[in-house]
């Protein structure tokens, strides 16, 4: 059976006719959803590869880079498969394959054997391996190994990091093992990717930032993402302007700075600049940013699921590039959620900024103008006197409670947890109700199906006629939106805060193309307001 036949039976690939059309047209919407392998050259490519397309008779399709490499193909040096966004459908939600991939991305298999991963997911080892082969065309170890090698390939191509640091960044414990794995997989030594190193003309300068490309599938509304983050940016910790997001990361002993903006030239990628980040943290930093900026989402899959609802269809047409704005740190998002109860976004930002300045870790030297301290750790807030920054006793107690719960493990931000597990753990804490738990799942973990049904704006926005649904009615209606309810939340919140369009604006918008990847998106701020209703274990909903 050919690779195409084997994977088609498990629905891991799009229809082969679609793959062929996407390959020939270099359709960026399918980037990362499959890979093209050319038998005559032994190379595998992204669907967007600029090389002349090979004959169909020489092409095999694979559902993942790991599957193509497992079949003996090497990554193309022109289209660079390491730049392809991940398959967002498999890596999102509560399915076992998604939870397993999250653990692998966090480096689980670098420290634990495959049986431990299977046990963590409550599966047998053979069952887990079969699931991966059916969906991804490669076993878990193959997926883990390919991920490390492709990240190393990106660092070798885009940076001047020494090879020893590249090996460390990619999760290899020794340079010898890294060289051997790279040579076996790609039939070249790591240094062969470097230009000018042989004659000594390339030297790594630690004072210069590392620059990495973070790819995504279009369309992507970066302006809307930055607007959302700008309204909540904490002075001293992060800064957001019209084109870039900047933030202090790391620890007081080893602080770093990151800056994210659009990649020049209209390419489907963000440009990441990293200052001071240790090599061993690079993979984690990139993973956090991909989640924070929602770079692995598949807009086609999301639109297909939500556009069947007549209320959501026009919103998706108007804003096809809208993504879930997550946060850099889960604890920080949880604290923001509590501080923001019953107050506006601006007021919540002011109080949280005070908290960060009073209890955060100051840096010996500002890494950039206005970026001078780290957000407080759970240990710093567990017993802090929060009355000095303007928090009420009740909210201060809730912040103390979540800080202590994070420290003793009652709650965490483990990405592999199901939505039900997340909600159950957080609502067990005093002062945390269903809305706050779902908000944390949405913003701290980027869960695509998180849904705060108690939200007043959602209850009013869905009918669109001035009436209001109950939380129970809203949940029932949203059942058809699974597993992408979180995206419906973002669209409805944004729509509720968008001024009504004038007739001229409406006519102009109706004339715009709406095919995914071509429609321009607006850049207004994603905000929302919430009613101040109080009940036991239910958080009043305010704008955060």
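The values are calculated or read from the model by the stated rules, or taken from the named source; none is laboratory data. Just so you know, these numbers come straight off a predicted model, no measurement behind them. Note that each Cβ is placed from the backbone with ideal geometry, even for glycine, and that neighbours are counted across all protein chains shown.
Residues of region 466-474 include at least one that is at pLDDT 90 or above, surrounded by fewer than 15 Cβ atoms within 10 Å (Cβ to Cβ) and farther than 27 Å from residue 419 by Cβ.
Listed by position, the helices (runs of 4 or more DSSP H) contained in region 282-395 that have at least 3 residues being within 30 Å of residue 213 (Cα to Cα) and under 27 Å from the mean Cα position of the chain (by Cα) are 282-292, 299-306, 313-318, 330-339.
Which residues, taken from region 134-147, are at pLDDT 95 or above, assigned to a helix (DSSP H, G or I) and surrounded by fewer than 22 Cβ atoms within 10 Å (Cβ to Cβ)? Within region 134-147, 141, 142, 145 qualify. When the residues of region 52-69 are filtered to those that are surrounded by fewer than 22 Cβ atoms within 10 Å (Cβ to Cβ) and in contact (Cβ under 8 Å) with a residue 12 or more places away in the chain, the one that is farthest from residue 156 (Cα to Cα) is 56.
Can you find even one residue in region 163-184 that is closer than 25 Å to residue 61 by Cβ, surrounded by 14 or more Cβ atoms within 10 Å (Cβ to Cβ) and either at pLDDT below 95 or under 27 Å from the mean Cα position of the chain (by Cα) (or both)? Checked against the condition, which is being closer than 25 Å to residue 61 by Cβ, surrounded by 14 or more Cβ atoms within 10 Å (Cβ to Cβ) and either at pLDDT below 95 or under 27 Å from the mean Cα position of the chain (by Cα) (or both), region 163-184 yields no hits at all. As a summary of the residue check, residue 418 satisfies the conditions (1) closer than 24 Å to residue 289 by Cα; (2) crowded, with 21+ Cβ neighbours inside 10 Å except for the one numbered (2).
Could you tell me whether residue 440 is crowded, with 23+ Cβ neighbours inside 10 Å and not in a helix (DSSP H, G or I)?
On the way: crowded, with 23+ Cβ neighbours inside 10 Å: yes; not in a helix (DSSP H, G or I): no.
So residue 440 does not fit the description; no.
Tell me, yes or no, whether region 134-148 has at least one residue that is more than 30 Å from residue 213 (Cβ to Cβ) and either more than 20 Å from the chain's Cα centre (by Cα) or free of Cβ contacts under 8 Å to residues at least 60 places away in the same chain (or both). Yes, region 134-148 contains at least one residue that is more than 30 Å from residue 213 (Cβ to Cβ) and either more than 20 Å from the chain's Cα centre (by Cα) or free of Cβ contacts under 8 Å to residues at least 60 places away in the same chain (or both). For the condition modelled with pLDDT of 90 or more and surrounded by 12 or more Cβ atoms within 10 Å (Cβ to Cβ), residue 187 does not qualify. Counting the residues of region 50-77 that are part of a loop (DSSP other than H, G, I, E, B) and either out of contact with any strand residue (DSSP E or B) (no Cβ under 8 Å at 6 or more places or on another chain) or assigned by TED's automatic domain parsing to the domain that holds residue 156 (or both) gives 6. Here 448, 483, 463 are screened, and the one residue that is more than 20 Å from residue 331 (Cβ to Cβ), surrounded by fewer than 22 Cβ atoms within 10 Å (Cβ to Cβ) and under 25 Å from the mean Cα position of the chain (by Cα) is 483.
Of all residues in region 401-419, those that are part of a helix (DSSP H, G or I) and touching a residue at least 40 places away in the same chain (Cβ under 8 Å) total 4. Of all the listed residues (84, 22, 116), the sole one being in contact with a helix residue (DSSP H, G or I) (Cβ under 9 Å, 6 or more places away or on another chain) and loosely packed, with under 15 Cβ neighbours inside 10 Å is 116. Using the structure shown, decide if residue 461 is in contact with a helix residue (DSSP H, G or I) (Cβ under 7 Å, 6 or more places away or on another chain) and over 27 Å from residue 290 (Cβ atoms). Taking the combined requirement at face value, the residue satisfies it. The set of residues in region 355-391 that are touching a residue at least 12 places away in the same chain (Cβ under 8 Å) and over 21 Å from residue 256 (Cβ atoms) comprises 355, 358, 381, 382, 383, 384, 386, 388, 389, 390, 391. Could you please find all residues in region 328-366 being more than 19 Å from residue 432 (Cα to Cα) and surrounded by 20 or more Cβ atoms within 10 Å (Cβ to Cβ)? The answer is 328, 349, 355, 356, 360.
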